[in-house]
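Worksheet: one structure, shown below.
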Amino acid sequence: MPIRAVLWDIDDTIFDYAGADRTGMRLHLEGVGLPEAYASVDEALDAWKAITVRHWARVAAGETDFLGQRRDRVREFLARALTDAEADGWFAGHVTHYEAAWALFPDVLPALDRLVPDYRHAILSNSSTGHQHRKLTALGVRDRFEAMVCAVELGISKPEAGAFHAACEALALEPHEVAYVGDEPDIDASGAVAAGLTGIWLDRRGRGGRTDLVRITGLDQLPGLLAGDTRFGAPDTFG
C-alpha cells in the first residue's frame with residue numbers, strides 16, 4: 001500500500017532549533033555575562049548544547065518534566081544552587097532571544113507545498129504539546145498539520161514504538177501507510193522503521209555513516225522519494 005501521510009519531527013527537522021538556541025544563548029550571555037566556569041563564549045555554548053541534550057534525555061526517560069529540565073539545565077550550566085524562581089528568571093532571558101531567532105529551514109515550505117496534494121501531514125515530537133503548538137503557530141505552519149502527538153502528554157517517547165503508533169492512530173492509518181521524517185538516525189528513522197513505518201533520516205549536517213537507513217540531506221529530495229523514485233528503499237542514496 002502506498003504512503004498516505006508524512007509524520008514529522010519538529011526540532012532541527014523543520015525548525016532550526018540548534019541555530020535559534022545558540023543565537024539566543026549567545027545574546028543572553030552578552031547581557032548577563034559569561035559564567036566563570038567557561039573560558040570563552042563558544043566553550044559555554046558547546047557546554048549548553050551538551051547539557052540540553054542530556055536533560056532532554058531525562059525527560060524522555062520520565063525522570064523529570066518540561067519545567068524541571070529547564071531549571072536543571074540552568075543550575076548545571078551556572079554550576080550553582082538556584083531556587084526554581086531564580087532558575088526560571090535566568091532562563092527567561094535566554095528564551096526572549098531564542099524565540100526572536102525562531103525560523104523554519106528554507107526548504108520546509110517548498111516541500112510542504114509540493115506534498116500537500118498527495119499526502120496528509122502530522123507531528124510527532126518528544127517535547128510538549130503546548131510548547132510545540134505555540135512554536136508552530138508563531139512560525140505560521142501549525143495549520144499545515146492535522147494532528148500533533150507529543151511525548152510529554154503521551155507518556156512515552158521516540159524511539160519507543162508506542163509513540164509512533166499513537167501518531168498513526170491519530171491519523172487513523174496503519175504504520176505501513178505513514179512515512180516519518182526526522183533529523184536523528186536512531187530516535188527518528190530507526191525508531192520509525194522498528195515500529196513499522198517508513199523511516200527517513202534527514203541528515204542536514206551530512207554526517208552519513210548509516211548505510212542501513214534511507215537518508216536525504218534536504219527536504220527538496222523528499223517529494224521525489226515519496227512519489228516512487230526507483231531508489232526509494234535503498235539506504236543512503238541521497239546527498
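Before moving on, here are some points about what is shown:
- For A50 and E99, the FRET efficiency from 1/(1 + (r/R0)^6), where r spans their Cβ atoms and R0 equals 25 Å, is about 0.70.
- Counting every alpha-carbon pair across region 27-102, the share separated by more than 18 Å comes to 40%.
- Total charge dipole magnitude, the chain, about the Cα centre, Cβ charges on Lys, Arg, Asp, Glu only, Debye to nearest 20: 120 debye
- FRET efficiency, 1/(1 + (r/R0)^6) with R0 30 Å, evaluated for I156 and A92 via beta carbons: 0.50
- An oblate overall shape is assigned to region 49-90, the ratio a/c of its alpha-carbon gyration tensor axes (a ≥ b ≥ c) being 1.5 or greater and a/b not exceeding b/c.
- For the chain, DSSP calls about 5 percent of its internal beta bridges antiparallel.
- The distance from the alpha carbon centre of region 2-34 to that of region 168-213 is 20 Å, rounded to a whole number.
- Shape category assigned to region 151-207 from the gyration tensor of Cα positions, a/c cut at 1.5: oblate
- Average accessible surface for the chain: 45 Å² per residue, computed with a 1.4 Å probe over protein heavy atoms with every protein chain in place.
- Prolate/oblate/rounded call for region 125-221, Cα gyration tensor, a/c under 1.5 rounded: oblate
- Helix 17-32 and the longest principal axis of the C-alpha atoms of the chain enclose an angle of approximately 10°.
- Extension gain, H176 back to R142 (0.36 nm per residue minus Cα-Cα distance, nm): 9.8 nm
- For region 12-101, trypsin sites (Lys or Arg not before Pro) are listed when DSSP marks them as loop and at most 14 other Cβ atoms sit within 10 Å of their Cβ; the list is R80.
- With at most 15 neighbouring Cβ atoms within 10 Å, loop GluC sites (Glu not before Pro) (DSSP) excluded, longest segment of the chain: 147-239
- Entry note, the chain: relative contact order of 22 percent, from Cα contacts under 8 Å with a spacing of 6+ residues.
- Residue-by-residue Karplus 3J(HN,Hα) for region 128-145, coefficients 6.51, -1.76, 1.60, Hz, glycine and proline x: 9, 5, x, 5, 6, 4, 5, 5, 5, 5, 4, 7, x, 10, 4, 6, 7, 10
- Computed in the context of the full set of protein chains, the accessible area of the chain at 1.4 Å probe radius has 53% of its extent on carbon or sulfur.
The values are calculated or read from the model by the stated rules, or taken from the named source; none is laboratory data. On a predicted model such as this, the values are computed, not experimentally measured, just so you know. Cβ coordinates were reconstructed from backbone atoms using ideal geometry, including for glycine residues, and neighbour counts include every protein chain displayed. Each accessible area value is taken on the protein alone, full model and side chains, heavy atoms only, with ligands, DNA and RNA left out. Shrake-Rupley method; radii C 1.70, N 1.55, O 1.52, S 1.80 Å.
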